[in-house]
Structure formats: structure tokens, C-alpha cells
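Below: one structure, written as C-alpha cells.
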Amino acid sequence: MPVPDPLDHERRRLAGLFDIAPSRVLYALCTLRVADRVPRDGIRAGDLAEVLGLHRDRLTRLIRAAETLDVLHVDAGDTVRLTPAGTLLRSDTPGSLRAEFSDNSLFTAWGPFAETVSGGRPSYELAHGTAIFDSLGDDREALRTFHEHMRMRAHQLYRPLLPALLRHCGPRVLDLGGGTGGLSELLMAGDDRIQVTLTDLPDVVGLVPKELSRRHPGRFRAEPGDMRTSVPEGHDTYVLGSILHDWPDDVAAGILTGCAEAARRTSADATVVLLERVLDDAGPDPRRMDDMWMMAMTGGRERTRAEWTGLAAVAGLDLRTVEHGGELSAVVLAPKG
Ligand SMILES: C[S@@+](CC[C@H](N)C(=O)[O-])C[C@H]1O[C@@H](n2cnc3c(N)ncnc32)[C@H](O)[C@@H]1O
């Protein structure tokens, strides 16, 4: 009997981690709109190739790979159907992942990652020649896709935090870097008393759906602004949803200082609330992979409670409490007394 190699299991585990093919199969299904063109009652692979103008044999092989990922099912008569997971790759499914999975620039950005770890600029900048938010500003379609993803993410990630967040919100809320209003919408739907001012870069504010103001008359406005240079005062609560993890400590401290000064000028009770991941201090934590995404894409970082406390202190803020809800937490800060 051959003696089993004790590292065989680990070898297979690492080979699984190395495999990028599953994510590329989902990318191809989304970007080529394969999932969008599979009708509810199914379609044969050859007909699908014709509808999409794709190479028949290559598409058939892609479909077989997708079947292995449980996003497509092929029956004995060769009819292709979407599985429940596969419906999430269609553009018309609420909470669709199509926009996110079609974005190849995030994937190709990982190429020079080792150089980033060695002390270079964010991998995205090395790969594409511009910082991620600048490159989105130059490409209207990419900006729209990114914010479609952000809106969906906001609904998924902030909903479990909402009851705790609303407890810490005064009536006048600033949604700083609020994107196209996913979080603003949740706040206004969650509490009738809340009025929201959303600020973001001018191109992004242009994408905020008009129906947000119509649905909440007199309670919502969106204004262009650069949070790195100014934060508007006059709000009881300054909410930063997934903002500071995009930035290294020096820039994040500058943005937070702007918020602290605006809060101090507004009222003695004004607070700043960060919706962010709070990493475990030690040991394995799956959210450490999100920290790698930040290092690679923006040059930012995910932070532990001690790191949030330190950043807040630099900006003249005390950490009052941390509320947990799902993957994210609400880190509640107030100007030092
Ligand atoms: C990760 S997204 C978060 C969006 C939103 N808060 C959410 O949670 O869905 C970061 C946001 O910061 C905005 N942003 C980046 N740089 C900015 C700046 N200098 N001033 C204002 N907003 C900025 C981006 O346009 C984007 O909407």
C-alpha cells in the first residue's frame, strides 16, 4: 500500500484557491449576456449560439462549465435552463450580479499585485494607469456599472445594520460619498423624520435617480462636492458608508477631520457614523480578503477596532460605540469633549 502524502489534501486545497476559471466563466456568461438570453422554458445550446452570434462549440463548452458551477442546467434533451443561482446573472433580476461580474477591469487590475505589496502604488493604478475613481470618471458606462453594483451592495449590506443605525441618526443626515443613493433610500424609508443630503463627485450626483426626490418630497437633495476638500455643516449625523476603507490613513484622517469640524460647528450632539468592516484583532478572518481588495484597488484598508479608534483620535473624535449587523458595523464617533 503506498503511503498517502500528508500534504495531498493541502495541495488540492491550494490548487482550488489558485483556480481563477470559475470567476472567468461567470464573467463570460454575464458580459456576453448568455444568462439574459436563456428563456424561462429553456433553449438549446445551438439556438443560443445563433441568437448571440457566438461560436457554437465554445459556447457549448462554456455552458458545461457553467453547469458544474450550478448556474445553468442542461437536461437530457440538451435544453439549457438557468438554475436559481443563474437567475442572478440576468440583468432583470432584482439584486442582479450581472453588472458586478461583467466588470473585467477589477479582475485585470490584480496583475501587478505583488508590486503593490512590495510598496508600489495600488495594483489598479499600475495596471490601468489611473486611480480607480478617476478612471470611472472618464468612462460613463463603467461609472454607471460601478454604481449599479454599489446600490445593490448598499441594500444588501446596510439593511441588517439599519435598526442600529437609525437609533444613532438625528433628523438631518449627511450621506457623504453617498453614490447614487442606495443608503439614503434605506434611511428615508426606515424613518419618516429623516431628511438626507447626499454629496458625491459631480458625475456621480448626475446618476442619482430623480424618483428619489419624488418618492420623498422635501426630504432628499443631492449636491456635488469633494469630501477631500470640504464637508458641508448643518447636519445632526454625518454618515460615511464604505468610504474610509477606500483611503490610506493620511487621507482618511483628513476626510474624518473635515467631518469632525463640520459636526462641531453644527451642534454639541452631532455625530459621525462609519459603516465599515471591523476586523478581528488577530487570527484568521475572511474579511482579510476585503483588506486585500482595498490594498489592490484603491490603496485603502479595512481596519480593526483599535485602528478605527486611532484614526478617529487623529481627527479629534472619540469612538462612542460599535454596533454590529451582518458583515458591516456602525462605528459611532463624536467630537472630543
Ligand atoms: C465605495 S463607494 C460607496 C458609495 C456609497 N456610500 C455606498 O455605500 O453605497 C465610494 C464613494 O465615494 C465617492 N467618492 C470618491 N472620491 C470622492 C471625493 N473626493 N469626494 C466625494 N465623493 C467621493 C465615489 O464616487 C463613491 O460613490
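Values quoted throughout were computed directly from the atomic coordinates according to the rules given, and no laboratory measurement underlies them. Remember, it's a predicted structure, so these values are computed and weren't measured experimentally. With ideal geometry, Cβ positions are generated from the backbone for all residues, glycine too; neighbour counts draw on all protein chains shown.
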Find how much the distance from Ser267 to Val314 grows on full extension, using 0.36 nm per residue of separation minus their present alpha carbon separation; answer in nm with one decimal. 14.9 nm
C-alpha long axis of helix 288-297 to longest principal axis of the chain, angle in °: 90 degrees
What is the dipole size for the chain, taken about its Cα centre, with +1 at each Lys and Arg Cβ and -1 at each Asp and Glu Cβ, in debye to the nearest 20? 640 debye
Can you tell me what the convex hull of the Cα atoms of the stretch 217-257 projects to on average, as an area in nm²? 3.7 nm²
Go ahead and estimate [θ] at 222 nm for the chain from helices alone: -39,500 (n - 2.57) per DSSP H run with n ≥ 4, summed, over the residue count, rounded to 500. -12500 deg cm²/dmol
Quick one, can you get me the convex hull of the C-alpha atoms of the stretch 242-306 expressed as volume per residue in Å³? 86 Å³
Dividing the alpha-carbon Rg of the stretch 67-180 by 2.2 N^0.38 Å yields what? 1.43
Starting from the Cα-Cα distance between Asp139 and Leu32, subtract it from 0.36 nm times their residue separation and give me the gain in nm to one decimal. 36.5 nm
At 25 °C and 0.890 mPa s, what whole-number value in µm²/s does Stokes-Einstein give for the translational diffusion of the stretch 189-288, with Rh from the Kirkwood sum over Cα pairs? 159 µm²/s
Can you list, bin by bin at 5 Å, the percent of alpha carbon pairs in the stretch 19-91, starting at 0? 3, 17, 34, 30, 13, 2, 0
C-alpha long axis of helix 8-18 to longest principal axis of the chain, angle in °: 70 degrees
Can you work out ³J(HN,Hα) from phi for every residue in the stretch 62-69, in order, using Karplus 6.51 cos²θ - 1.76 cosθ + 1.60 and θ = phi - 60°, giving whole Hz and x for Gly and Pro? 4, 4, 5, 5, 5, 5, 5, 8
State the extension gain, in nm to one decimal, for the chain segment bounded by Asp192 and Thr304, taking 0.36 nm per residue of separation less the distance between their alpha-carbons. 37.0 nm
Kirkwood radius from Cα pairs of the chain plugged into Stokes-Einstein at 37 °C, 0.692 mPa s, gives D in µm²/s equal to 148 µm²/s
Would you mind giving the three semi-axes, in whole Å and largest first, of the ellipsoid equivalent to the stretch 154-335 according to its Cα gyration tensor? 24, 18, 16
Choose one answer from Thr237, Thr83, Thr197: the residue with the largest mean-square fluctuation in a GNM of the chain with alpha-carbon springs under 10 Å. Thr83
Taking Cα atoms only, helix 140-158 is inclined relative to the longest principal axis of the chain by an angle, in degrees rounded to 10, of 70 degrees
